[in-house]
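Novice: The structure's right below; bear with me while I get my questions together.
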Amino acid sequence: MMNNKGQIKIQEMAFVLMAIFVFFALVGLMFISYRVSNLREGSEVIKEDATKELLKNIANTPELSWAGCSNCIDLDKAVVLNGNGSSEEQYAGLFGLNYMKIERIYPKREDGECILGAYPRCSELTLVDTKEVKGTSSSAFVALCKWDGELNTEVCELGRVIASGSGLNEN
Amino acid sequence: MRIKNKKGQEEMVGFALIVIIVAVVGVVLLGFALRNPGESSEASSVEVNQFLESLAHVTSDCDYNSRNDFASMEELARECYTNPADTCTGSEENVCNALNESLKGIISKGLDIGTEKYYEGFEMNIGFEPKEVGEEEVEIISLKEGSCEGRKVGGEYLISSSRARGSIAMNLVLCLE
């Protein structure tokens with residue numbers, strides 16, 4: 001009789017210990033999954049930020065840069081490049097991009113591609129378009145600057161570079 | 001009878017111990033959750049920083065020095081701080097008003113802001129930040145639109161001031177759902 005009671009006590013103890021163990025295991029699992037999801041989110045943000053910085057570097061290449069400003073694109077240079085048919089393959093190879101477009105955001109412009117005949121009454125320049133699968137594109141804000149011959153001064157507007165390709169996903 | 005009572009007490013102590021352990025774990029988890037950056041904290045964003053840097057170079061419609069040389073947003077902010085009574089040549093609009101209107105236009109065109117959009121609202125502040133401790137900060141422009149209760153991302157762009165006692169800071173906070 002005494003032995004039986006002792007066994008029940010041991011069983012009770014074992015159940016309680018198991019319940020506590022399961023409780024802590026569940027709490028631990030919840031904590032780990034929360035941390036992992038946070039880390040994953042953080043790594044996505046860091047990757048996206050690095051891509052934006054890379055896009056800014058593309059804007060700083062001599063073919064596009066505006067002197068004296070680290071975040072500015074020379075719009076006149078970009079329009080000339082856009083008119084030069086061979087630039088698409090050259091840029092696709094140089095930056096590892098299969099798509100690159102510059103959008104003029106503010107002030108608002110007439111819709112249309114900026115080629116030599118239409119410029120400045122246009123809203124976008126497609127510098128690279130290899131017609132391949134574009135994948136996820138990234139964008140970065142830039143200032144688009146040009147020399148205004150009528151006003152005899154430099155004029156800058158707000159723009160955005162949009163690009164996609166393997167060159168942006170290597171970071 | 002005494003032994004029975006003692007056994008009952010032991011059971012109760014065991015139960016209380018388990019409750020205490022579970023409560024401690026709960027408190028630790030709660031503390032951890034509260035210590036993490038909450039919903040209302042603001043994370044620095046490369047996108048916002050790039051937007052501000054580009055915005056600072058955008059040319060406005062205001063020529064305040066009558067030299068047919070339209071000021072950039074950066075120059076307009078500096079002028080609004082140093083000579084707030086100045087007006088734009090031709091339109092006679094106050095430089096601070098011109099800055100205000102241009103900022104509104106650029107933000108509305110450049111960023112996707114509004115109800116049911118990616119960003120629900122924004123807060124923009126331009127102010128003078130002195131170098132010396134003890135000197136007072138001066139607010140130049142303050143803009144706010146939409147609701148700003150959820151997660152926030154922000155950035156800052158510093159403009160050197162001609163008075164060299166500090167710098168003019170452009171701060172933009174974008175509010176997500």
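Novice: What shape does the range B:70-150 take by its C-alpha gyration tensor, where a ≥ b ≥ c are the square roots of the eigenvalues and a/c under 1.5 counts as rounded, a/b above b/c as prolate, and the rest as oblate? Walk me through the numbers on the way to the answer.
Specialist: Values: a/c = 2.86, a/b = 1.30, b/c = 2.19.
Judged from the Cα gyration tensor, the range B:70-150 comes out oblate (a/c at least 1.5, b/c at or above a/b).
Novice: Amide H neighbours of B:Asp86 under 5 Å, at least 5 residues apart or on other chains, H built in the peptide plane: list them.
Specialist: B:Val95
Novice: If you don't mind, another one. Quick one: buried accessible area between A and B, total over both chains, 1.4 angstrom probe, nearest 100 Å²? Intermediate values should be presented prior to the final figure.
Specialist: On the way: alone 11360 and 11680 Å², together 20400 Å².
Chains A and B together bury approximately 2600 Å².
Novice: While we're looking at this one, here's another question. Rounded, prolate or oblate, given the Cα gyration tensor of chain A, with a/c below 1.5 counting as rounded? Walk me through the numbers before you get to the answer.
Specialist: Numbers: a/c = 4.97, a/b = 3.79, b/c = 1.31.
In terms of gyration-tensor shape, prolate.
Novice: Hey, with R₀ at 41 Å, roughly what FRET efficiency would B:Ala43 and A:Ala14 work out to, going by the Cβ-Cβ distance, to 0.05?
Specialist: Working: r = 48 Å, r/R0 = 1.17.
Calculated transfer efficiency: 0.30.
Novice: In chain B, which longest range has no trypsin sites (Lys or Arg not before Pro) that are both DSSP loop (not H, G, I, E or B) and surrounded by at most 10 other Cβ atoms within 10 Å? Show your work: numbers first, answer last.
Specialist: Working: sites that count: B:Arg67, B:Lys131.
Within chain B, the longest run free of exposed trypsin sites (Lys or Arg not before Pro) spans B:1-66.
Novice: Which loop-located trypsin sites (Lys or Arg not before Pro) does the range A:110-159 contain, where loop means any DSSP state but H, G, I, E or B and the Cβ has at most 11 other Cβ atoms within 10 Å? Before the final figure, lay out the partial values.
Specialist: Details: sites: A:Arg121, A:Lys131, A:Lys134, A:Lys146; in loops: A:Arg121, A:Lys131, A:Lys134.
Passing both the DSSP loop test and the Cβ count: A:Arg121, A:Lys131.
Novice: Tally the DSSP beta bridges in the protein assembly as shown and give the antiparallel ones as a percent, rounded to 5. It would help to have the intermediate numbers written out before the result.
Specialist: Numbers: 54 of 62 bridges.
For the protein assembly as shown, the DSSP antiparallel bridge percentage is about 85.
Novice: Could you check which residue among B:Leu17, B:Leu99, B:Leu30 shows the biggest mean-square fluctuation in a GNM of chain B with a 10 Å Cα cutoff?
Specialist: B:Leu17
Novice: Report, in whole Å, the centroid distance computed from the Cα atoms of the range A:103-160 and the range A:17-33.
Specialist: 56
Novice: Excluding ligands and nucleic acids, what accessible area in Å² is computed for B:Thr89 using a 1.4 Å probe, to the nearest 10?
Specialist: For B:Thr89, solvent-accessible area is about 70 Å².
Novice: At a threshold of 8 angstrom on Cα-Cα distance, excluding pairs fewer than six apart, so keeping six or more, what relative contact order does chain B reach in percent?
Specialist: Numbers: 279 pairs, mean separation 38.1, N = 177.
Once divided by the residue count of chain B, the mean separation gives 22 percent.
Novice: In addition: In what sequence, largest accessible area first, do B:Leu158, B:Leu172 appear using a 1.4 Å probe? Don't jump to the answer; show the numbers that get you there.
Specialist: Numbers: B:Leu158 90, B:Leu172 0 Å².
Of B:Leu158, B:Leu172, the descending order of accessible area is B:Leu158, B:Leu172.
The values are calculated or read from the model by the stated rules, or taken from the named source; none is laboratory data. Since this is a predicted model, take the numbers as computed values, not measurements. Positions of Cβ are generated from backbone atoms using ideal geometry, with glycine treated the same way; all protein chains shown enter the neighbour counts. Side chains included, ligands, DNA and RNA excluded: accessible areas come from the protein's heavy atoms. Shrake-Rupley method; radii C 1.70, N 1.55, O 1.52, S 1.80 Å.
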